[in-house]
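The values are calculated or read from the model by the stated rules, or taken from the named source; none is laboratory data. Just so it is clear, the structure is predicted and the values come from calculations on it, not from any experiment. No Cβ is skipped: glycine too gets one built from the backbone with ideal geometry, and neighbour counts run over all protein chains shown.
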């Protein structure tokens, strides 16, 4: 069954939002989205589900990238200046960043929960999986303004600098 064929409530179940706190690619047993950010995440998910083209593209990615559903989940630290990193769950900017790692492959996901402002941040990636100067490639962007590739830099171990439009999701590998 495909996401595009499901009702919104069935889609939310498939994406494992319990109750609208986690998507399957967001799921983490040890740490949930803080209460003050749950409403923003819920609004993002509802808006996402109302865009059939995005749901279809995301469904294809779920089918082709097992890491999104089966990979280990890691919340990622972020930084606006590339020096001071903190959990994306705790910082005041609007990016939620996390990785799913499966069979030595990392998929970095970032959601801009702000409704009006683009947000640019450095996001930590797995230091052991990425060499300095290597590139991560965009697998999914709900906005066409996202770069096709990003350079991995030596910051907080390893990091990439992403810019995410308001209310949008990007996934890099």
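Observations, loosely collected:
- For beta carbons closer than 6 Å, sequence separation of 6+ or different chains, a first residue in region 79-98 that is at positive phi and a second that is surrounded by 13 or more Cβ atoms within 10 Å (Cβ to Cβ) and part of a strand (DSSP E or B), the qualifying pairs are 82/122.
- Residue under evaluation residue 135, criteria (1) within 29 Å of residue 51 (Cα to Cα); (2) surrounded by fewer than 19 Cβ atoms within 10 Å (Cβ to Cβ); (3) in contact with a strand residue (DSSP E or B) (Cβ under 8 Å, 6 or more places away or on another chain), criterion not met: (1)
- Residue list for region 95-141, filter: in a loop (DSSP other than H, G, I, E, B) and either over 16 Å from residue 161 (Cα atoms) or under 11 Å from the mean Cα position of the chain (by Cα) (or both): 103, 104, 113, 114, 115, 116, 117, 128, 129
- Contact annotation: residue pairs with Cβ atoms under 9 Å, 6 or more positions apart or on different chains, pairing a residue in region 63-78 that is without any contact (Cβ under 8 Å) to a residue 12 or more places away in the chain with a partner that is assigned to a strand (DSSP E or B), are 64/139.
- Test: residue in region 69-89 that is surrounded by 18 or more Cβ atoms within 10 Å (Cβ to Cβ), out of contact with any helix residue (DSSP H, G or I) (no Cβ under 8 Å at 6 or more places or on another chain), closer than 16 Å to residue 162 by Cα and modelled with pLDDT under 80: yes
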